[in-house]
Amino acid sequence: MDRDRRQSNSEVEELQELADREYEFGFVTDIESDSLPPGLNEDVVREISRRKNEPEFLLEFRLKAFRHWQTMTEPAWPMVKYPQIDFQEIVYYSAPKQQENLASLDEVDPEILRTFEKLGIPLEEQKRLSGVAVDAVFDSVSVGTTFKEKLGELGVIFSSFSEAVEEHPDLIEKWLGSVVPYTDNFYAALNAAVFSDGSVAFIPKGVKCPMELSTYFRINAAGTGQFERTLIVAEEGSSVSYLEGCTAPMRDTNQLHAAVVELVALDDATIKYSTVQNWYPGDKEGRGGIFNFVTKRGLCKGARSKISWTQVETGSAITWKYPSCILQGDDSIGEFYSVAMTNNYQQADTGTKMLHIGKNTRSTIISKGISAGRGQNTYRGLVKMMKNADGARNFSQCDSMLLGDRCGAHTFPYIEVKNPTAKVEHEASTSKIGEDQIFYCNQRGISTEDAVSMIVNGFCKEVFRELPMEFAVEAQKLLAVSLEGSVG
Amino acid sequence: MLEIKNLRASVEGNEILKGVNLRVREGEVHAIMGPNGSGKSTFANVIAGREEYQVTAGEVRYRDVDLLELSPEERACEGIFLAFQYPVAIPGISNAYFLRSSLNAIRNYRGEDEVDAFDFLKLIREKMKLIGIDEKLLNRSVNVGFSGGEKKRNEILQMAVLDPRLAILDETDSGLDIDALRTVAEGVNQIRSADRAIIVVTHYQRLLDHIIPDFVHVLFDGRIVESGGKELALRLEKEGYGWLEKGEETVSSATSPEEPR
Amino acid sequence: MSAASKRLSTATDWATALEEAVVEHPGHPRWLADIRKQGRERIRQHGFPSRAHEEWKYTSLAAIAQGPYSSLLDEGDQGNFTTVKFLPADGPVVTLLNGVFLEGSSDLLSLPAGIRVRPLSDALRGDADRLRSTLEAVSDGEHPFRALADATLGDGLFIEVDSGIGFEGVLHVVNLIDGGSAPGAAHLRHVVVVGKGARLAIVEEVHCHQDVLANIHWDFEVGEDAEVGRVRTFGRCADGNLFHGSRVRQADGSTFSDFFHCAGVRMIRNEIEVELAGRRCHTELRGAYFATGSEHVDNQTRILHSHPDCTSNEVYRGVLSGRSRGVFSGKIHVFQDAQRTDAKQSSDSLLLSRKAEADVRPRLEIYADDVRCTHGATVGELDEDAIFYLRSRGVNEPLARKMLVGAFVKEVLEEVEPEALRQRLVDDLTCGIEISPVPEE
């Protein structure tokens, strides 16, 4: 134990040195003013664009978005309560390397370290996640490069947003804002004006992406999470599976997160987008924690295309997100599988929108909400069958589980049908863990805590099985950790 | 192994057990019989530690520890197994996963290594074959959509895998056809051994045709009013429980069990 | 979204018109004038909500807000209702024309002692104080129809049932709304107070003639262990705009059941709010509705479980053809103390034409952990396989469709009492509405 720490300490010092050196050489020109002062106005937007050397169209996009954002007010309809956000207090541009780094894991909140241990996160990964400066050894560059080469051979583009703007401006111009226009909502407009970075994936015609694309290989974009933007385009007949997030709790000093994700699937293309969100939820008294206000939307543009969202949301003080599908192509398919867990004072208002435009489009919604402590969990969803959606089908199932009598579970599905041949079915239920179930497990030697976590996992099974294998295992562990202390 | 002295227990303020005395030694099979409402299931649940049942007086010693001090899972880990009268359904948890978690919890408690998935599968397949359970049940959620017979067989399977020191079967025969009854009985007979005790709680004698008890006790109105060998069970079969009421009257001048005193 | 855009700004004339039209009666208590004044002020201040208002997302009030309904209807002509096929009644009947009690068409002699039915305006002259708290309660200050009802308060019924009175018959309430000479509105308020252990069954039928706005409100106070049932049916109101609102408060051990039926109404907003304000209560809300042409049926139900050990069951089924639109928005709120609540809700809609639309919005808000709450919703068309099956057995297509539609809504009617009424509703379910698909253009 001691030896380990000594080792890692010296290791870190060395790395710090390396990192400093790199910093010295890499950012000579910008050192003094690498982040902008807090506040937002048109000059800030222009400055962000200038520093990122963006082409004219992107600046225009940002400015239009900013002007539109100024006319908007924050949405008041979600079932969440939080103090007023002062948008002039936020720093909208901060270069990734400028992040405050901790010297070693000793400085990390022991509570978080304990969680790492439970999740079985490798040491190097722990450091990266908690913001210890190890970038240089954690050989992300070479790892990243290897995969990039392999993907490059297939014509797959997978890079940070900034890189993609530089290397493939035409693609960005074509697709940016095509699914989530900057006018869409308050946070989408804000994101469009100030987004810092993010990732872009482009899968060419007929290519089945041979590996799961994940943020793991996307170290470059780390620390730019606040106003992230993701764009994934799958051309005709291609397929891709994208993993976002991480099961470990992320250290982050930004309180407001407003990301935008846009997916486009052309004829016969498939996009599978999996998220595990575990941002800091605040402490047991509900102090602190991330506000996660995200706009995620997929466009099934082509015939027989398919977009599948799977999310496991256990973090953030407030979660506000509705990964949605616009089913435009005939016979296209939209799916939404969600587990949202709220404990202590967490609030989640999440769900999906399935917009059926094309004929014989199909959608499935499986939502599992778990409320514990004083957590409030809301499913909000819309299934809309448009006039021409002949033969469209939707099946929705929203189940809630309550652990304790101070929490709340709410279900607000909206169903709008304008086509008689379309068929919509919605089911919802609310339940608790039965004392008889716990006793049965106890009698078989299983502790109450394990029994609860087992039963909750069973409750979420239909969603977990949609996750890629290793993610599913981690998600189960994560849920167990999030459940801690929720049962007396 | 198990020594019960003057055990009294109540549910929501109603006293159900009114002073039970019982001693069970290793290797013995005891049958506890009695009419509906006599307290048989309460007895089984109290031994397993169900919290809705409050023990108001008495003592239960199990292998030299005070059993009443242990939590339900500690009792399970100490080797007490209750085959439930109404096995509980747990959606989403496969039978195999549940049983492996249970087995490993108990092995951990005993300081033994956990069984990996491969060895576990081998073990459970063997036991399933022995008890005559369809392997398909392994991947189904615990007791979800099981028939009455499947549930009871599943309890016997769990018992066979968990290898208890003291097994209590709570009305395991109720609602079973003759084939299932035989399977259950065979399962129990297979685990009969010199270091294991079994308590069979039942309303009817017919299970005791297949599991021959060493001792039979009659529980009536919260007390054991009669103890004897297996011939006692036959007498109950022939004469029903009616004679007990009269007998009771002479012993404790009790009236009908429904009437409060 | 600014607050202003959630309102239609046409209400000031209404308040002014009502101020002139409503005459204060010298025998009425002072507080009645205050309620009316507050009602006028609310309508002046809040007006009518636009569709940007969440509660009015699927129903536009623009036509009503601009329509000629700010004036009150005159006394009306009963002769305009001679062709109406009334429901069978063999007990007490009370008939109101434009809110005014018609002695000649009412029969209250067969009411048993302990049940009193009288015009609200009479009650307001007598023992008015016992009505005061009910009438003064404002639950939703911005609600346009409630504000209008308050501004015009005076017409309607006061129905009282003394404790322990078990009335086995049915009280028949007929509301006739006649816009014969000039269009306008009638605003009615019925107050029902049922004592401990009492039993009351009401059948209400509403018929409109010509272009009118009928604004009808019911308040029910259901005493301990009391049992109250109501059947509402809305006859042909081809030019009628209806608002029909009910507020129900149930005490310990009581049961309230409501059956809503409508067919052939131009526009109806049906709102019912039930608070299970005692332990061991049961609420049963059922509805079957039909709409065709450009008809619009909007159902808003709210069940508030504020006490433990209560149950509620809600089943609504709609059949929509033509260019009609059906809305169901059902809220179940389970408060923190309402442990062991068992609440069920289901809403099913049949779409029989390409231009019809169904909007469904269940809302569960649950703050107690030991509860069972389920809701289900389906929207779809008639099962083509079933139609084919019937046709292959020799049933012609229109009849096959009619049979299947009948089967779809029949289930909702099962518990309607009395038997004769149920049979009549089953027979006359669709009021002759064409349920074959409308030919495509």
For the range A:362-397, the count of residues that are farther than 17 Å from C:Val360 by Cα and among the basic types (Lys, Arg) equals 3
How about the range B:219-240: which of its residues are farther than 16 Å from B:Val29 by Cβ and small (Gly, Ala, Ser)?
B:Gly222, B:Gly240
Please go through the range A:398-418 and pick out each residue that is at the interface with chain C (Cβ under 7 Å from one of its Cβ atoms) and within 15 Å of C:Val360 (Cβ to Cβ).
A:Thr411, A:Phe412, A:Pro413, A:Tyr414, A:Ile415, A:Glu416, A:Val417, A:Lys418
Selection from the range A:337-363 of residues that are in contact with a His (Cβ under 9 Å, 6 or more places away or on another chain) and not polar (S, T, N, Q)
A:Asp349, A:Arg362
On the given criteria, is A:Phe395 within 11 Å of chain C (Cβ to nearest Cβ) and of a type in the set (Phe, Trp, Tyr)?
yes
Criterion (in a helix (DSSP H, G or I), within 21 Å of the chain's Cα centre (by Cα), within 30 Å of C:Leu200 (Cβ to Cβ) and of a type in the set (Gly, Ala, Ser)) met by exactly one of C:Ala149, C:Ala123:
C:Ala149
(1) buried (at least 21 other Cβ atoms within 10 Å of the Cβ); (2) under 23 Å from A:Gly408 (Cα atoms) all hold for A:Lys284 apart from (1)
Test each condition in (1) open to solvent by less than 10 Å² (accessible area, probe 1.4 Å); (2) modelled with pLDDT under 95 for C:Gln250 and report the one that comes out false.
(2)
C:Ala288 passes all but one of the listed conditions (1) open to solvent by 10 Å² or more (accessible area, probe 1.4 Å); (2) in contact with a Gly (Cβ under 8 Å, 6 or more places away or on another chain); the exception is number (1)
Sole miss for B:Leu130 among (1) open to solvent by 20 Å² or more (accessible area, probe 1.4 Å); (2) under 24 Å from B:Pro91 (Cβ atoms); (3) in a helix (DSSP H, G or I); (4) not acidic (Asp, Glu) is condition (2)
Please list, ordered by first then second residue, the pairs with beta carbon atoms under 8 Å, 6 or more apart or interchain, first in the range B:133-161 and within 13 Å of chain A (Cβ to nearest Cβ), second open to solvent by less than 10 Å² (accessible area, probe 1.4 Å) and hydroxyl-bearing (Ser, Thr, Tyr).
B:Glu155/B:Thr172; B:Gln158/B:Ser102
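Out of everything in the range C:368-396 that is in contact with a strand residue (DSSP E or B) (Cβ under 9 Å, 6 or more places away or on another chain) and open to solvent by 60 Å² or more (accessible area, probe 1.4 Å), what residue ends up being farthest from the other protein chains (Cβ to nearest Cβ)?
Filtering the range C:368-396 for residues in contact with a strand residue (DSSP E or B) (Cβ under 9 Å, 6 or more places away or on another chain) gives C:368-382.
If we keep only those that are open to solvent by 60 Å² or more (accessible area, probe 1.4 Å) too, we end up with C:372, C:381.
Details: C:Arg372: 7, C:Glu381: 4 Å.
Checked the range C:368-396; the qualifying residue farthest from the other protein chains (Cβ to nearest Cβ) is C:Arg372.
Can we say C:Ser106 is under 24 Å from C:Gly180 (Cα atoms) and of a type in the set (S, T, N, Q)?
On the way: under 24 Å from C:Gly180 (Cα atoms): yes; of a type in the set (S, T, N, Q): yes.
Yes; evaluated as a whole, the condition is true for this residue.
Hey, among A:Phe464, A:Phe471, A:Phe459, which residue is surrounded by 18 or more Cβ atoms within 10 Å (Cβ to Cβ), facing chain B (nearest Cβ under 9 Å) and of a type in the set (Phe, Trp, Tyr)? Break it down stepwise before answering.
On the way: A:Phe464 fails: facing chain B (nearest Cβ under 9 Å); A:Phe471 fails: facing chain B (nearest Cβ under 9 Å).
Going through A:Phe464, A:Phe471, A:Phe459 in turn, just one is surrounded by 18 or more Cβ atoms within 10 Å (Cβ to Cβ), facing chain B (nearest Cβ under 9 Å) and of a type in the set (Phe, Trp, Tyr): A:Phe459.
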Residue in the range B:49-62 that is open to solvent by 10 Å² or more (accessible area, probe 1.4 Å), of a type in the set (A, V, I, L, M, F, W, C) and within 14 Å of chain A (Cβ to nearest Cβ) present:
no
Residue by residue through the range C:80-89, note down the ones that are open to solvent by less than 40 Å² (accessible area, probe 1.4 Å) and at pLDDT 85 or above.
C:Phe81
Failed item, numbered, when B:Arg23 is tested on (1) within 14 Å of chain A (Cβ to nearest Cβ); (2) touching an Asp or Glu at 6+ places or on another chain (Cβ under 6 Å); (3) of a type in the set (Lys, Arg)
(1)
Could you list, ordered by first residue, the pairs with Cβ atoms under 6 Å in which the first is in the range C:85-100 and of a type in the set (Ser, Thr, Tyr) and the second is open to solvent by less than 50 Å² (accessible area, probe 1.4 Å) and part of a strand (DSSP E or B), at least 6 apart or interchain?
C:Thr95/C:Val174
Please enumerate the residues belonging to the range C:118-164 that are open to solvent by less than 50 Å² (accessible area, probe 1.4 Å), among the aliphatic types (A, V, I, L, M), closer than 20 Å to C:Gly245 by Cα and touching a residue at least 24 places away in the same chain (Cβ under 8 Å).
C:Leu120, C:Leu131, C:Leu135, C:Ala147, C:Leu148, C:Ala149, C:Ala151, C:Leu153, C:Leu157, C:Ile159
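Here is a yes/no grid of residues against (1) charged (D, E, K, R); (2) within 18 Å of A:Ser332 (Cα to Cα); (3) assigned to a strand (DSSP E or B); (4) within 21 Å of the chain's Cα centre (by Cα):
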| site | (1), (2), (3), (4) |
| --- | --- |
| A:Asp267 | yes, yes, no, no |
| A:Pro281 | no, no, no, yes |
| A:Gly289 | no, no, no, yes |
| A:Phe293 | no, no, yes, yes |
| A:Val312 | no, no, yes, yes |
Could you pull out the residue among B:Ser193, B:Ser174 that is surrounded by fewer than 23 Cβ atoms within 10 Å (Cβ to Cβ), assigned to a loop (DSSP other than H, G, I, E, B) and within 13 Å of the chain's Cα centre (by Cα)?
B:Ser174
Residues B:Ser102, B:Ser41, B:Ser94, B:Ser71: which one is of a type in the set (Ser, Thr, Tyr), out of contact with any strand residue (DSSP E or B) (no Cβ under 9 Å at 6 or more places or on another chain) and buried (at least 17 other Cβ atoms within 10 Å of the Cβ)?
B:Ser102
The number of residues in the range A:423-452 that are assigned to a helix (DSSP H, G or I) and either facing chain B (nearest Cβ under 8 Å) or open to solvent by 10 Å² or more (accessible area, probe 1.4 Å) (or both) is 12
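How many residues are over 17 Å from C:Gly376 (Cβ atoms) and either β-branched (Val, Ile, Thr) or surrounded by fewer than 24 Cβ atoms within 10 Å (Cβ to Cβ) (or both) when one looks only at the range A:377-394? Step through it out loud before you land on a result.
First, pick out the residues of the range A:377-394 that are over 17 Å from C:Gly376 (Cβ atoms): A:377-378, A:380, A:382, A:384-392.
Retained after the next criterion (residues that are either β-branched (Val, Ile, Thr) or surrounded by fewer than 24 Cβ atoms within 10 Å (Cβ to Cβ) (or both)): A:378, A:380, A:382, A:384, A:386-388, A:390-391.
The total comes to 9.
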Residue check, B:Phe118 against (1) within 13 Å of chain A (Cβ to nearest Cβ); (2) more than 18 Å from the chain's Cα centre (by Cα); (3) open to solvent by 10 Å² or more (accessible area, probe 1.4 Å); (4) farther than 25 Å from B:Glu28 by Cβ, all met but one. Which one?
(1)
Mind checking which residues of the range A:37-87 are under 22 Å from A:Glu166 (Cβ atoms), open to solvent by 20 Å² or more (accessible area, probe 1.4 Å) and without any contact (Cβ under 8 Å) to a residue 40 or more places away in the chain?
A:Arg46, A:Arg50, A:Glu56, A:Leu59, A:Glu60
Could you please find all residues in the range C:309-363 being touching a His at 6+ places or on another chain (Cβ under 6 Å), farther than 14 Å from C:Leu285 by Cβ and at the interface with another protein chain (Cβ under 9 Å from one of its Cβ atoms)?
C:Val334
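The values are calculated or read from the model by the stated rules, or taken from the named source; none is laboratory data. Here the structure is a predicted model, which is why all the values come from computation and not from measurement. Every residue, glycine among them, receives a Cβ derived from its backbone with ideal geometry; neighbour counts consider all protein chains shown. Only protein heavy atoms, including side chains, enter the accessible area calculation; ligands, DNA and RNA are left aside. Shrake-Rupley method; radii C 1.70, N 1.55, O 1.52, S 1.80 Å.
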